[in-house]
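**Student:** Got a structure for you, questions after.
The values are calculated or read from the model by the stated rules, or taken from the named source; none is laboratory data. These numbers come from a predicted model, not from an experiment. A quick note on method: Cβ atoms are made from the backbone with ideal geometry, for glycine too, and the neighbour counts reach across all protein chains shown. Note: accessible area is taken over every heavy atom of the protein model, side chains too, but ligands, DNA and RNA are not part of it. Shrake-Rupley method; radii C 1.70, N 1.55, O 1.52, S 1.80 Å.
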Amino acid sequence: MSMETVVIPAINHLLRQEPWACDRLRPFAGKIVAITIEPIAMLRLRVRADGLLERGKSEAATDLSMSVAARSIPSLLNDKAALLKGARIEGDA
């Protein structure tokens, strides 16, 4: 089982709970996001037309890169904004 098969449904679950987030992602449909969870993994995701995410093709150009330390992930459970406080974001945001 790959990390994407666990992480993408989890992110989409969170996005479905916050319709405003999907609304904000819709204009970026087709864009590729590379998320690095240091030091664990790198995920390539594609924004769908409905504002949810799917697995991005490895050969597609990256439109946005985001790096976050693995230790900051648990803070998402208590404070969703806390995750972005420690993130580095580059590209079309």
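**Student:** Computing the accessible area with a 1.4 Å probe over protein heavy atoms, can you report the carbon and sulfur percentage for the chain?
**Tutor:** 59
**Student:** Starting from the amide H of Ala69, placed 1.01 Å from N in the peptide plane, find each other amide H under 5 Å away whose residue is 5 or more places distant or on another chain.
**Tutor:** For Ala69, the qualifying residues are Glu38.
**Student:** Okay, moving on. If you plug each phi of the stretch 11-20 into the Karplus form 6.51 cos²θ - 1.76 cosθ + 1.60 with θ = phi - 60°, what whole-Hz ³J(HN,Hα) values come out, in order, with x for Gly and Pro?
**Tutor:** 5, 4, 4, 5, 5, 5, 6, 10, x, 4
**Student:** Residue by residue through the stretch 21-31, what is 3J(HN,Hα) from phi via Karplus (6.51 cos²θ - 1.76 cosθ + 1.60, θ = phi - 60°)? Round to whole Hz and write x for glycine and proline.
**Tutor:** Running phi through 6.51 cos²θ - 1.76 cosθ + 1.60 with θ = phi - 60° gives 5, 4, 4, 6, 7, 3, x, 9, 3, x, 6 Hz.
**Student:** Between the DSSP loop rule and a limit of at most 12 other Cβ atoms within 10 Å, which GluC sites (Glu not before Pro) in the stretch 1-83 are left?
**Tutor:** Glu59
**Student:** When the dipole is taken about the Cα centre of the chain, and only Lys, Arg (+1) and Asp, Glu (-1) are charged at their Cβ, what size is it in debye, to the nearest 20?
**Tutor:** Its charge dipole is roughly 60 debye.
**Student:** I would also like to ask the following. Would you mind getting the accessible area per residue of the chain, heavy atoms of the protein chains only, 1.4 Å probe, in Å²? Can you show the working numbers first?
**Tutor:** Details: 6080 Å² over 93 residues.
Counting only protein heavy atoms, the per-residue value for the chain is 65 Å².
**Student:** Of Thr36, Thr5, which has the most accessible area with a 1.4 Å probe, and how do the rest follow in descending order?
**Tutor:** Per-residue accessible area, sorted high to low, gives Thr5, Thr36.
**Student:** Using just the helices of the chain, give the 222 nm mean residue ellipticity in deg cm²/dmol: DSSP H runs with n ≥ 4 each add -39,500 (n - 2.57), and the total is spread over all residues, rounded to 500.
**Tutor:** -8000 deg cm²/dmol
**Student:** Looking at the square roots a ≥ b ≥ c of the eigenvalues of the Cα gyration tensor of the chain, which shape do they give, rounded for a/c under 1.5, prolate if a/b is larger than b/c, or oblate? Working shown, then result.
**Tutor:** Working: a/c = 1.35, a/b = 1.12, b/c = 1.21.
Here the chain falls in the rounded category.
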